[in-house]
Amino acid sequence: MKRVLEALLAISIATTGITLFKKLNILDKPGNDLKNTRKPVPTLQGIFVYLITICLIAIFHPTMLESSLIRGFLIGGTIIVAFEIIAELEYIGRIKLKVPPISRFFVQMFASVLALRISWISDYELIIFSHVLIIPNRLLYLAFALWSTFVINAINRIDGTNAQGNGILTIGFFTIFALIQRVVFPAYTEYTNLETLLLVRELSLILALISFIYTVIEYKPLALIRDVGTMFLAFWLAYLSVIGGAKIWTIIVALSLVIFDAIRTIRYRLFILKKNPMKGDYTHIHHRLLGLKRTRGEVRFFVWWFSVFMMILMLLQWTNRLNKIIIFVMMALMFFGINTYLFIYKKLPCGLNQKKE
């Protein structure tokens, strides 16, 4: 019953946000961006993604707010949301304040370090096969800030066709939930961090629900969450993949298409285009598929169902880390090998010939 009430509250806030911003005429900016080839719809709905998250936690899981693990990341998430609201208002012409793309990187790094500093209270144990490696806090802060920033931008940039990013986030959060529920709890009998595991499991399901609701909303689209919502949710995904025992390998492989595409795009921008990798363009995998005359529906289907397939494959590996690493290496070789063959050797279009505004 609680799940139903959570869903109803989330849907109510989401629809209220769409109606309110439509009346206030806060709509997405018309232009040549792929998302704007139709009538303007309410934008900045990421504000309501943020509000829904806080409301669901405060109303249905108030004890979570007592945890420093949650408080720290609500503070970090608030910083990211506030910055992206300013950037989006500038984008749609509501304020005159130029936000340099590189500033996002520093804001995300700062928010990640601050959030972890508030929430983390001990050194981090990383298990590599049967060996336990203790990572000091300072190194952990840097490593997490880089991981968090990478995940935020990888998922934000894959959102090149309506709802694609939210669908990926839904799969990512559900992967963490399923891993704890179907692998960790059945496989082990003793836990040193049971409270944290329960918290991560519950929060992953809440965020999967929110991501799914906005996947449906953005599909047509009825509204857009833009970077405000995408980056806030991706920030949480990066965090939940780390706490409660490293689930980072499972997330990396389950979302390997998105992660490898981000690595390839960063390399392509730096060494081929010789530009700031934080500046957007039309060279991601979904742009390349669109450039090869695939429809938006076909692109979404490919990205989502490939990620679902990899999620299921990783869950079937149970607790076998070696198998997960082997699958990761095979996926990397296949992804970069195919890209090299098609777009360098065969010289197929490397993206869409459109200028990013």
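The values are calculated or read from the model by the stated rules, or taken from the named source; none is laboratory data. Given the structure is predicted, the values throughout are model-derived calculations rather than measurements. A quick note on method: Cβ atoms are made from the backbone with ideal geometry, for glycine too, and the neighbour counts reach across all protein chains shown.
The table below lists the values:
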quantity	calculated
Members of segment 169-212 found to be in contact (Cβ under 8 Å) with a residue 40 or more places away in the chain, among the hydroxyl-bearing types (Ser, Thr, Tyr) and within 28 Å of ARG157 (Cβ to Cβ), listed by number	THR170, THR175, SER211
Residues of segment 16-45 that turn out to be in contact with a helix residue (DSSP H, G or I) (Cβ under 8 Å, 6 or more places away or on another chain), over 18 Å from ILE85 (Cα atoms) and modelled with pLDDT of 90 or more, as a count	1
Count - residues of segment 309-335 that are part of a helix (DSSP H, G or I) and either without any contact (Cβ under 8 Å) to a residue 12 or more places away in the chain or over 26 Å from ILE176 (Cβ atoms) (or both)	9
Residues being closer than 18 Å to ILE52 by Cα and within 15 Å of the chain's Cα centre (by Cα) - total across segment 175-205	3
Residues located in segment 291-308, provided they are hydrophobic (A, V, I, L, M, F, W, C) and either in contact with a helix residue (DSSP H, G or I) (Cβ under 9 Å, 6 or more places away or on another chain) or not in a helix (DSSP H, G or I) (or both)	LEU292, VAL299, PHE302, VAL303, TRP304, PHE306, VAL308
Subset of segment 35-78 that is under 26 Å from GLN164 (Cβ atoms) and small (Gly, Ala, Ser) - its residue that is surrounded by the fewest Cβ atoms within 10 Å (Cβ to Cβ)	GLY77
Helices (runs of 4 or more DSSP H) contained entirely in segment 1-94, each with at least 1 residues that are in contact with a strand residue (DSSP E or B) (Cβ under 7 Å, 6 or more places away or on another chain)	2-23
Residue that is surrounded by the fewest Cβ atoms within 10 Å (Cβ to Cβ) [pool: residues in segment 240-273 that are over 23 Å from ALA163 (Cβ atoms) and among the aromatic types (Phe, Trp, Tyr)]	PHE271
Filter pass, GLU66 being among the charged types (D, E, K, R) and at pLDDT 90 or above	no
Of residues in segment 79-103 being under 15 Å from ILE47 (Cα atoms) and of a type in the set (Gly, Ala, Ser), the one surrounded by the fewest Cβ atoms within 10 Å (Cβ to Cβ)	ALA82
